[in-house]
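To start, the structure itself, in structure tokens.
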Amino acid sequence: MRICFVCLGNICRSPTAEGVMRLTLERAGLAGRVTVDSAGTGGWHVGELPDPRTRAAARARGIELAHRARQFQRVDFERFDLILTMDAANQRAVLGLAPDAAARARVRMLRSYDPDAPDGAEVPDPYYGGDDGFERVLDICEAACAGLVAVLHPRLAGAGSGS
Ligand code: 4NP
């Protein structure tokens, strides 16, 4: 199973989701079963580490973020089984690149996996706000990734290979 998290810049929300998902999978004993990556719909920060505020907030929860930003590409529809977007704008941008209905079916909003989140809930962009925004992104990602792993667990546990 291969999962790609997608936001706008790939320096705040989606690298956070990637790191939180990796830790959540490890704790569930499923680390080897899932490949996790992230990307941005925009290309401004390609090659950069996550924002220092994102890295500091994640580090305080035991998560080291070493991802280098990259732009989401059409070929990613072939590389990933599940493409999880942070907000409605990311969702539209990714769907706009999808080659066919099968590709579109692989795209979901991350928070749709949080049973306590309302329909259409987004991960708010923390880039222009204060430090509390980065904590909120982590809280949201933890809740959504817990829900995601709960959904994937029956499919992955004992499934044999990582595919
Ligand atoms: P992200 O946050 O999409 O969560 O990585 C942003 C980072 C940078 C920009 C926008 C959002 N930017 O406009 O540079």
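General remarks:
- Taking Cβ atoms as reference points and 9 Å as the exclusive limit, the residues near A57 contribute a net charge of +2, counting Lys and Arg as +1 and Asp and Glu as -1.
- At R0 = 41 Å, FRET efficiency that the Cβ-Cβ distance of A98 and L49 yields, to 0.05: 0.90
- Distance-filtered residues of the range 1-34 - backbone nitrogen under 19 Å, label point 7 angstrom along A89 Cα→Cβ: 5-17
- Helical contribution to [θ] at 222 nm, DSSP H n ≥ 4, -39,500 (n - 2.57), averaged over the chain, rounded to 500: -12500 deg cm²/dmol
- Put a dot 7 Å past the Cα of V151, heading toward its Cβ, do the same for T35, and the two dots end up 2.1 nm apart.
- Under the simplified labelling scheme, the R108-R74 pair shows an inter-label distance of 2.7 nm, with each label point 7 Å from Cα along Cα→Cβ.
- Over the chain, relative contact order from alpha-carbon pairs under 8 Å, at least 6 apart, %: 29 percent
- Take R2: with every protein chain present and a 1.4 Å probe, its accessible area is about 80 Å².
The values are calculated or read from the model by the stated rules, or taken from the named source; none is laboratory data. Since the model is a prediction, treat every value here as computed from it, not as a measurement. Positions of Cβ are generated from backbone atoms using ideal geometry, with glycine treated the same way; all protein chains shown enter the neighbour counts. Accessible surface is based on the protein model in full, side chains and every heavy atom, while ligands, DNA and RNA are left aside. Shrake-Rupley method; radii C 1.70, N 1.55, O 1.52, S 1.80 Å.
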